[in-house]
Amino acid sequence: MITAMRISCQFGPLADVEADWLIVGICEKEGPSPSVQELDQALGGALVRLIEKGDIAGKAKELTPILDCKGVKAARVLAVGLGQRDKIDTAGLIGAAAAAAKSITGKAYNRLAIGLPEQTPGMDAAGVAWALGVGLQQGCEGPGIRKNKPERFTPKELVVAAPSTAPRDAVEQAARRAGVEGRAVSLARELVNMPPCDLYPESFAERARQVAAATGTECVVWDEKQLLAERMNALLAVARGSDRPPRLVVMRYRGGGAKSLGLVGKGVTFDSGGLSLKTNEQMVDMKCDMAGAAAVLSALQAVAELKLPVNVLGVMALVENLPSGKAMKLGDVFAARNGKTIEVLNTDAEGRLILSDALCYAADQKADHLVDLATLTGACMVALGTEVAGVMSNDEKWSQRVLAAAHAAGERAWPLPMYPLYNEMIKSDVADMKNTGGSRYAGAISAAKFLEEFVGNVPWVHLDIAGPAWAEKESATRDAGGTGCFVRTLVELARTYS
Ligand code: BES
Ligand code: MN
Ligand code: ZN
């Protein structure tokens, strides 16, 4: 398990910050901010000289280490470009802090600090502190969870250094929240990065139990017998092909209030496609197909640790999708939990099958609003690319709230239409519906139209995270592998839910 970093705040001059590295932001086309200027005077003007020579331009993600520091308490200073001040946003700040941390955690250091840039238009000090804290933590951990010789080293302590004029309580609270959310994102990343030989439905459920026990959250795990008794036949149909039994995890956090927010996650711990077998190239990253369930578990952990005054129901549908003599076949028909019959025409469209029963259960539990997260379709990546989640909904107002939460959390999500005309796509000759859209077109939407059949009248948003859940390659701001996407959005949604 990933080691926990402590995150704290310090108020006062940057020259007084004790750290192995002190990270400071520099904006493009302007001199250093007042607190950095003060630091630079203590440093003997090194930063300003580099700015004047053009070595530091302040361009987004530009990194300039100053290794030989005298006159300040930090052993080293790292200048990170923030881009133009009026273009700075939450995602940009998270990226800048992550890039800085990522560039220095190839060696072992105990304590990293980051200075709070002053006067960021459109963002308050607390929002900035939160973003920097989140980014810093994300930049400290890589995907190499099974390397004998680690290539990345998690520091013990992170410090958000704010000017003495900053609102103390708000910044401290924001840093604490960043710590909790950063750890939740790390949990999601770790689960997605775990090899499928170690993470399968039972072991995922066991991990959920541990999270629930540690946070005082209710947790029930259903095995095949209970799944059968609860009529979850679509989920069981997918699970059939594997020797590993399926699980459904139901977590309940009761923070109070009249309403309940239901979060449902796709947890296919490995998606081979089943009899509609994927190619090696398509299958190679399919351990990531449980990222939706990982996001739900991680968000619940954070919500419980933050003691948010809301009720959250988390449902995680956990299966492996494999071919075998017992696997479901093309042409098979199953009745889902609500009795609706489904014709299976492609066993690789397994996500919507397991989600149908899970969404139905969440609706039966009287969740007032639903969000499901699923690495559901390659078609969504064709539509929106690898960085943006598709948003599909049966309720405009609820969808706007989810989009607003994503925006506030610095995550990218974009709506796709749900016109009734798309209902045609999932019509079956023999059953109530089929599990494919029947053509190459609008594949993300036909999948969502399928899911819509199982939420009843509950306002519901479907987040197709097939793109953003997994980073094929590393970049300056992000490691390769599981990204922990939409954990922060879910926490923000719970924070603003009532
Ligand atoms: N897990 C995949 C979707 C996916 C693809 C996630 C790439 C992440 C990256 C899903 O189960 C799947 O196989 N979907 C099919 C649906 C089709 C058979 C209707 C797809 O997108 O090709
Ligand atoms: Mn599939
Ligand atoms: Zn899948």
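The values are calculated or read from the model by the stated rules, or taken from the named source; none is laboratory data. Everything numeric in this text was worked out from a predicted model, so none of it was measured. A quick note on method: Cβ atoms are made from the backbone with ideal geometry, for glycine too, and the neighbour counts reach across all protein chains shown. Each accessible area value is taken on the protein alone, full model and side chains, heavy atoms only, with ligands, DNA and RNA left out. Shrake-Rupley method; radii C 1.70, N 1.55, O 1.52, S 1.80 Å.
Near the amide H of Arg412, within less than 5 Å, lie the amide hydrogens of Ala389, all on another chain or at least 5 residues away, with H placed in the peptide plane. Once the trypsin sites (Lys or Arg not before Pro) in DSSP loops with at most 10 neighbouring Cβ atoms within 10 Å are cut out of the chain, the longest remaining piece is 148-439.
Simple spin-label estimate for Glu30 and Arg49 gives 2.6 nm between the two label positions (7 Å along the Cα-to-Cβ direction from each Cα). A straight line joining the Cα centroids of the stretch 366-384 and the stretch 385-454 runs 7 Å. Where a ≥ b ≥ c are the square roots of the eigenvalues of the C-alpha gyration tensor, would you call the stretch 201-299 rounded, which needs a/c under 1.5, or, failing that, prolate if a/b is larger than b/c, or oblate? Since a/c reaches 1.5 and a/b is larger than b/c, the shape of the stretch 201-299 is classed as prolate.
For Glu18, the solvent-accessible surface with a 1.4 Å probe is about 110 Å², rounded to the nearest 10.
Dividing the mean sequence gap of close Cα pairs (under 8 Å, 6+ apart) by how many residues the chain holds gives a relative contact order of 15 percent. Remark: the stretch 88-104, residue by residue, has Karplus-estimated 3J(HN,Hα) of 5, 9, 4, 4, x, 5, 4, x, 5, 5, 5, 4, 4, 5, 4, 6, 10 Hz, where x stands for each Gly or Pro and the curve is 6.51 cos²θ - 1.76 cosθ + 1.60 at θ = phi - 60°.
Residues Thr120, Thr165 ordered from highest to lowest accessible area at a 1.4 Å probe: Thr165, Thr120. Taking a straight Cα-Cα cut-off under 16 Å and skipping sequence neighbours fewer than 8 places away in the same chain, the lysines within cross-link reach of Lys149 are Lys107. Applying 1/(1 + (r/R0)^6) with r as the Cβ-Cβ distance of Lys307 and Met283 and R0 = 41 angstrom yields a FRET efficiency of 0.50. The charge dipole of the chain, taken about its Cα centre with unit charges on the Cβ of Lys, Arg, Asp and Glu (plus for the first two, minus for the last two), comes to roughly 600 debye. Around the Cα centre of the stretch 75-117, unit charges on the Cβ atoms of Lys, Arg, Asp and Glu (plus for the first two, minus for the last two) sum to a dipole of about 220 debye.
What FRET efficiency do you get for Glu157 and Lys225 if R0 is 56 Å and r is their Cβ-Cβ distance, rounded to the nearest 0.05? Given R0 = 56 Å and the Cβ-Cβ separation, E is 0.75.
Annotation: amide H of Ala469 has no partner in the under-5 Å range at sequence separation 5 or more or interchain, hydrogens built in the peptide plane.
Solvent-free Debye calculation, one equal scatterer per alpha-carbon of the stretch 351-411: log10 I(q)/I(0) at 0.17, 0.23 Å⁻¹ equals -0.72, -1.15. What FRET efficiency do you get for Lys73 and Ala108 if R0 is 25 Å and r is their Cβ-Cβ distance, rounded to the nearest 0.05? Once rounded, the FRET efficiency stands at 0.80. Protein-only accessible surface at a 1.4 angstrom probe places the residues Ile145, Ile354 in the order Ile145, Ile354, largest first.
The residue list Leu248, Cys197, Asn321 was ranked by how far each Cα lies along the charge dipole of the chain toward its positive end, using unit charges on Cβ atoms, and Cys197 comes out on top. Using θ = phi - 60° in the Karplus curve 6.51 cos²θ - 1.76 cosθ + 1.60, the 3J(HN,Hα) couplings for the stretch 20-29 round to 5, 9, 10, 9, 10, x, 10, 8, 6, 6 Hz; x is entered for Gly and Pro. Return the subset of Lys87/Lys259; Lys266/Lys340; Lys326/Lys366; Lys59/Lys147; Lys102/Lys307 for which the Cα-Cα distance in this structure is over 28 Å, preserving the input order. Flagged as over cut-off: Lys87/Lys259; Lys326/Lys366; Lys59/Lys147; Lys102/Lys307.
Calculated mean residue ellipticity at 222 nm for the chain: -10500 deg cm²/dmol, from DSSP H runs with n ≥ 4 weighted as -39500 (n - 2.57), summed, divided by the residue count and rounded to 500. For the stretch 6-181, what does the accessible surface come to per residue with a 1.4 Å probe? Please give it in Å². Accessible area per residue, the stretch 6-181: 44 Å². Heavy-atom accessible surface of the stretch 194-497, averaged per residue, reaches 38 Å², computed with a 1.4 Å probe.
Charge dipole (Cα centre; +1 on Lys/Arg Cβ, -1 on Asp/Glu Cβ; no other charges) of the stretch 6-181 amounts to roughly 760 debye.
Expressed as a whole percent, how much of the Cα-Cα distance distribution for the chain exceeds 40 Å? So the pairs more than 40 Å apart make up 24 percent of the total in the chain. When the Cα positions of Gly257, Met381, Tyr441 are compared along the charge dipole of the chain, Gly257 comes out farthest toward the positive end, with charges on each C-beta of Lys, Arg, Asp and Glu. Sequentially through the stretch 441-451, phi angles give Karplus couplings (6.51, -1.76, 1.60; θ = phi - 60°) of 8, 6, x, 5, 6, 5, 5, 5, 4, 4, 4 Hz, Gly and Pro residues having no value and appearing as x. Between helix 291-305 and the chain there is an angle of about 60 degrees, using the helix long axis and the longest principal axis of the Cα atoms. When a 1.4 Å probe is rolled over the protein heavy atoms, the share of accessible surface on the chain that falls to carbon and sulfur comes to 50 percent. Accessible area per residue (1.4 Å probe, heavy atoms of protein chains only) ranks Ser393, Ser298 as Ser393, Ser298, with the largest value leading. Close amide H contacts of Thr347 (hydrogens built in the peptide plane, cut-off under 5 Å, sequence separation of 5 or more or a different chain): Ser276.
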